[in-house]
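Notes to accompany the following structure.
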Amino acid sequence: YRQDEAVASALLRQGPYSGMASAEERVHQLEADEAAENRRLEAILRLRNVVEAARARVLAGISEPVEERARALLERIVGRPFARVRLGDTMSLESVRPEGCSASAALEQMSSGEREQIYFATRLALADVLATDERQVVVLDDPLVDTDADRLSRALELIDERSDRLQFVILSCHPERYLGLPKLVLRHMDKLNSEQEMVAK
């Protein structure tokens, strides 16, 4: 009896009831956390669906104007009718139909210079279409590396014409290729002069 009583006392000292109460409290807390997380995930999913639907509506309304404008811009860059671009559901370039051809071609079949001109014209066309209500930023990362001097000059004219409506950020390892932009030349010269003054001091 005394041995049983000692065992029972030892068990009681371990506090099984308080441990069970703490465990139940922890379970309730985890269940509440799970419910809150499920509600948060459901809200995110609903928001994602709304954004995707709005995006699809916007893309459906602008793909055709972007394609038309890209064709006109390509014609200016190349100096003659060149090609019509076809955009996919996500506004990615799907195919190109060269002028005078009855079938479309994959973008990979164009030369590297032609590809970058097509990408450039498409991005510029997209910015033109989107910039009706407010100024848009266009970030270009060495967009015309393989483009010859004549086409580059015409592409720079397009940038210059739109610089009041669009903010261009051009990242390049070849800044000399963009000195044909009058405003850029002034900025480049100002920077160069300030660096020379610092060296002189």
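The values are calculated or read from the model by the stated rules, or taken from the named source; none is laboratory data. This one's a predicted model, so the numbers in the text were calculated from it and none came from an experiment. Heads up, the Cβs are rebuilt from the backbone with ideal geometry, glycines too, and the neighbour counts pull from every protein chain shown. Keep in mind that these areas ignore ligands, DNA and RNA; they rest on the heavy atoms of the full protein, side chains included. Shrake-Rupley method; radii C 1.70, N 1.55, O 1.52, S 1.80 Å.
Name, by its number, the condition in (1) under 18 Å from GLU67 (Cβ atoms); (2) more than 18 Å from the chain's Cα centre (by Cα); (3) touching a residue at least 60 places away in the same chain (Cβ under 8 Å) that does not hold for ASP150.
Single failed check for ASP150: (1).
Would you confirm whether or not segment 148-167 contains a residue that is in contact with a Leu (Cβ under 6 Å, 6 or more places away or on another chain), β-branched (Val, Ile, Thr) and on the phi < 0 side of the Ramachandran plot?
no
Can you find a residue that is at pLDDT 85 or above and within 15 Å of ALA121 (Cβ to Cβ) anywhere in segment 164-171?
yes
So which of LEU41, LEU130 ends up being touching a residue at least 60 places away in the same chain (Cβ under 8 Å), more than 21 Å from THR147 (Cα to Cα) and not acidic (Asp, Glu)?
On inspection, the qualifying residue turns out to be LEU130.
Look at ALA72 and say whether it is among the aliphatic types (A, V, I, L, M) and more than 20 Å from LEU181 (Cβ to Cβ).
Yes; evaluated as a whole, the condition is true for this residue.
So which pairs qualify, if the first residue must be in segment 57-68 and closer than 18 Å to VAL96 by Cα, the second must be at pLDDT below 75 and open to solvent by 80 Å² or more (accessible area, probe 1.4 Å), the Cβ gap must be under 9 Å, and the two must be at least 6 apart or on different chains?
SER63/ASP89
For segment 69-127, name all the residues that are basic (Lys, Arg) and over 20 Å from THR147 (Cβ atoms). Lay out the reasoning, then the answer.
Applying the first criterion (basic (Lys, Arg)) to segment 69-127 yields 69, 71, 76, 80, 84, 86, 97, 115, 123.
ARG86, ARG97, listed by residue number.
Can you tell me which residues in segment 49-81 are open to solvent by less than 60 Å² (accessible area, probe 1.4 Å) and either touching a helix residue (DSSP H, G or I) at 6+ places or on another chain (Cβ under 8 Å) or within 17 Å of PHE120 (Cβ to Cβ) (or both)?
ILE62, PRO65, VAL66, GLU67, ALA70, ALA72, LEU73, LEU74, ILE77, VAL78, GLY79
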